[in-house]
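A.B. asks: Can you keep this structure in mind? I'll have questions shortly.
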Amino acid sequence: MLKLYGFAVSNYFNMVKMAAALKQIDCEDVITYPNQTPEYLAISPTGKVPALETNEGVLVETNVILEYLDENYPGIALYPKEPFQKARVKELVKMIELYMELPARRCHAEAFWGVPGEDITKKEVKRALLNGIQAISRAASFSPYIGGEQISAADIVFLYSADLAAKVAAKLFAIDLLAEAPGAKELLAKLNEMPEAKVIAQARAEATPAFNAYLQKAFQK
Ligand SMILES: N[C@@H](CCC(=O)N[C@@H](CS)C(=O)NCC(=O)O)C(=O)O
């Protein structure tokens, strides 16, 4: 059986959980916080989560894992078959990660755990998030899913990136980020209503106190 290393507060871990749930793939969770121990680095070269252990070896990088699951398991397709349409989904996945998830992540410590960041970082992140959401808005369809009529991997990446980025923008910059992309809020609400997303949200809520305690210790070091 597949083994998924990670923890339920991790948005990247939850992207894989959502893909597995939508495709009804059985997958055992190996609860792991990111770490740089030799044992975990032998599994995940970066020490990050998620990492997916398959019969053939371990895969890391969420977009790669999503593509692997889609190509190797039946059920709902997360990428279109037709090459151009498939490329468009990959384009959205990459844009959401590069221009929404990663810039917001630079301010997670301040937005979520009260660890003050540098002003220059916040200035860069604010600009990156605004440019990013406007770029995503131009590339996306939101009719009703981000790439069009069918749900895709891009919706999964959006679901677990947009909420965090919107919280960073609201808290640190008093910006309503998703208002910059008409249809984005509606899509987020629609995706959050999916039964699979609700199960993941519940697991996330249950895992949050332990993760906060772990982080508090880490920040004290
Ligand atoms: N590019 C990686 C990013 C994964 C990632 O950043 N995961 C976070 C947890 S949500 C992590 O492991 N952070 C620890 C670190 O950056 O050292 C992916 O697509 O899977």
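The values are calculated or read from the model by the stated rules, or taken from the named source; none is laboratory data. Being a predicted model, the structure only gives us computed values, none of them experimental. Cβ placement follows ideal geometry from the backbone for every residue including glycine, while neighbour counts extend to all protein chains displayed.
A.B. asks: Do we have residue 163 as within 13 Å of the chain's Cα centre (by Cα) and surrounded by fewer than 22 Cβ atoms within 10 Å (Cβ to Cβ) here?
C.D. replies: When the stated conditions are applied, residue 163 passes them.
A.B. asks: If you don't mind, another one. Quick check on my filter: what residues within the range 51-64 are buried (at least 20 other Cβ atoms within 10 Å of the Cβ) and assigned to a strand (DSSP E or B)?
C.D. replies: 51, 52, listed by residue number.
A.B. asks: Let me ask something else. Can you find, within the range 106-123, the residue that is modelled with the lowest pLDDT among those that are on the phi < 0 side of the Ramachandran plot and not in a helix (DSSP H, G or I)?
C.D. replies: Applying the filter and picking the extreme gives 115.
A.B. asks: Out of the residues in the range 24-41 that are surrounded by 17 or more Cβ atoms within 10 Å (Cβ to Cβ) and in contact (Cβ under 8 Å) with a residue 40 or more places away in the chain, state the one that is farthest from the ligand (Cβ to nearest atom).
C.D. replies: 25
A.B. asks: To continue, here is another question. In the set 40, 73, 99, which member is under 23 Å from residue 132 (Cβ atoms) and of a type in the set (Ser, Thr, Tyr)?
C.D. replies: 99
A.B. asks: Could you tell me which of the residues 100, 15 is within 11 Å of the ligand (Cβ to nearest atom) and either of a type in the set (A, V, I, L, M, F, W, C) or without any contact (Cβ under 8 Å) to a residue 24 or more places away in the chain (or both)?
C.D. replies: Only one candidate passes the filter, namely 15.
A.B. asks: Report whether or not residue 213 is of a type in the set (A, V, I, L, M, F, W, C) and modelled with pLDDT under 95. Explain how you work it out, then say what you get.
C.D. replies: Values: of a type in the set (A, V, I, L, M, F, W, C): yes; modelled with pLDDT under 95: yes.
So residue 213 passes the test.
A.B. asks: Still on this model: Out of the residues in the range 140-160 that are small (Gly, Ala, Ser) and more than 18 Å from residue 102 (Cα to Cα), which is surrounded by the most Cβ atoms within 10 Å (Cβ to Cβ)?
C.D. replies: Initially, the range 140-160 is screened for residues small (Gly, Ala, Ser), giving 140-141, 143, 147-148, 152-154.
Filter once more, so that each one left must be more than 18 Å from residue 102 (Cα to Cα): 140-141, 143, 147-148, 152.
Details: 140: 24, 141: 15, 143: 11, 147: 24, 148: 17, 152: 27.
In this case the residue turns out to be 152.
Listed here are the residues, each with its yes/no results for (1) modelled with pLDDT of 95 or more; (2) surrounded by 16 or more Cβ atoms within 10 Å (Cβ to Cβ); (3) within 15 Å of the ligand (Cβ to nearest atom); (4) part of a helix (DSSP H, G or I).
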site	(1), (2), (3), (4)
43	yes, yes, yes, no
49	yes, yes, yes, no
76	yes, no, no, no
86	yes, yes, no, yes
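Let's see how each residue does on (1) under 19 Å from the mean Cα position of the chain (by Cα); (2) among the aromatic types (Phe, Trp, Tyr):
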{"site": "127", "(1), (2)": "no, no"}
{"site": "173", "(1), (2)": "no, yes"}
{"site": "184", "(1), (2)": "yes, no"}
{"site": "197", "(1), (2)": "yes, no"}
{"site": "215", "(1), (2)": "no, no"}
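A.B. asks: I've got another one for you. Residues of the range 192-214 being aliphatic (A, V, I, L, M) and not in a helix (DSSP H, G or I), which ones?
C.D. replies: Once the filter is applied, which keeps residues that are aliphatic (A, V, I, L, M) and not in a helix (DSSP H, G or I), the range 192-214 yields only 194.
A.B. asks: Please state which of the following conditions residue 16 fails to meet, knowing it meets all the rest: (1) outside the structural domain of residue 130 (by TED's automatic domain parsing); (2) of a type in the set (A, V, I, L, M); (3) out of contact with any helix residue (DSSP H, G or I) (no Cβ under 6 Å at 6 or more places or on another chain).
C.D. replies: Every listed condition holds for residue 16 apart from (3).
A.B. asks: May I pose another question? Which one is surrounded by the most Cβ atoms within 10 Å (Cβ to Cβ), of the residues in the range 1-12 that are within 19 Å of residue 64 (Cβ to Cβ) and within 14 Å of the ligand (Cβ to nearest atom)?
C.D. replies: Checked the range 1-12; the qualifying residue surrounded by the most Cβ atoms within 10 Å (Cβ to Cβ) is 6.
A.B. asks: Here is a further query. Check off (1) outside any helix (DSSP H, G or I); (2) of a type outside the set (A, V, I, L, M, F, W, C); (3) under 20 Å from the mean Cα position of the chain (by Cα) for residue 81 and give me the number that stays unchecked.
C.D. replies: So residue 81 meets the others, but not (3).
A.B. asks: Give the number of residues within the range 62-74 that are out of contact with any strand residue (DSSP E or B) (no Cβ under 7 Å at 6 or more places or on another chain), within 16 Å of the ligand (Cβ to nearest atom) and not polar (S, T, N, Q).
C.D. replies: Counting residues in the range 62-74 that are out of contact with any strand residue (DSSP E or B) (no Cβ under 7 Å at 6 or more places or on another chain), within 16 Å of the ligand (Cβ to nearest atom) and not polar (S, T, N, Q) gives 5.
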